[in-house]
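This report concerns only the one structure given below.
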Amino acid sequence: MQKLYDSDMQLIGYTSTGATGKITVYDSDYRMLGYYNPESDKTYDKDRRLVGKGNLITNFLGNNI
C-alpha cells in the first residue's frame with residue numbers, strides 16, 4: 001500500500017495496486033472509496049457505480065490533496 005498525504009503532511013488515504021493493475025483507493029481509516037480499472041480506463045465508486053473515464057481516484061479524497 002502507498003500512503004497519501006495532504007500538503008500539511010497529514011495522512012489522508014492509501015492506494016493499492018492489484019496484480020491486474022486495478023488501483024483501489026482507501027481513506028485514512030482503510031475504508032474503500034473506489035477503484036480504477038486500467039483495462040477499461042474507467043473509475044468506479046465503492047458501490048461499483050461508474051464515476052468517469054480515466055483515472056479519477058484522487059477525486060475520492062476531496063480537496064485534501
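On the beta carbon distance between Q10 and M32, with R0 = 22 Å, the FRET formula returns roughly 0.65. Charging the Cβ of each Asp and Glu at -1 and of each Lys and Arg at +1, and nothing else, the dipole of the chain about its Cα centre rounds to 240 debye.
If you roll a 1.4 Å probe over the heavy atoms of the protein chains, what accessible area per residue do you get for the chain, in Å²? It amounts to 69 Å² per residue over the chain. The length gained by stretching the chain between Q2 and N55 to full extension, at 0.36 nm per residue less their Cα-Cα distance, is 17.5 nm. What is the pair-distance distribution P(r) of the chain, computed from all Cα-Cα distances in 10 Å bins starting at 0, with each bin given as a whole percent? Percent of pairs per bin, in order: 24, 55, 20, 1. A simple count of charges around K46, restricted to other residues whose Cβ falls under 11 Å of its Cβ and scoring Lys, Arg +1 and Asp, Glu -1, yields 0. Counting only protein heavy atoms and a probe of 1.4 Å, the accessible surface of the chain is 44% carbon and sulfur. Using the Cβ atoms and a cut-off under 11 Å, what net charge is assigned to the surroundings of I12, where Lys and Arg are +1 and Asp and Glu are -1? Value of the local net charge: -3.
The values are calculated or read from the model by the stated rules, or taken from the named source; none is laboratory data. All of these numbers come straight from a predicted model, not from anything done at the bench. Ideal geometry is used to build each Cβ from the backbone, glycine not excepted, and the neighbour counts take in all protein chains shown. What goes into the accessible areas is simple: the full protein's heavy atoms, side chains included, and nothing from ligands, DNA or RNA. Shrake-Rupley method; radii C 1.70, N 1.55, O 1.52, S 1.80 Å.
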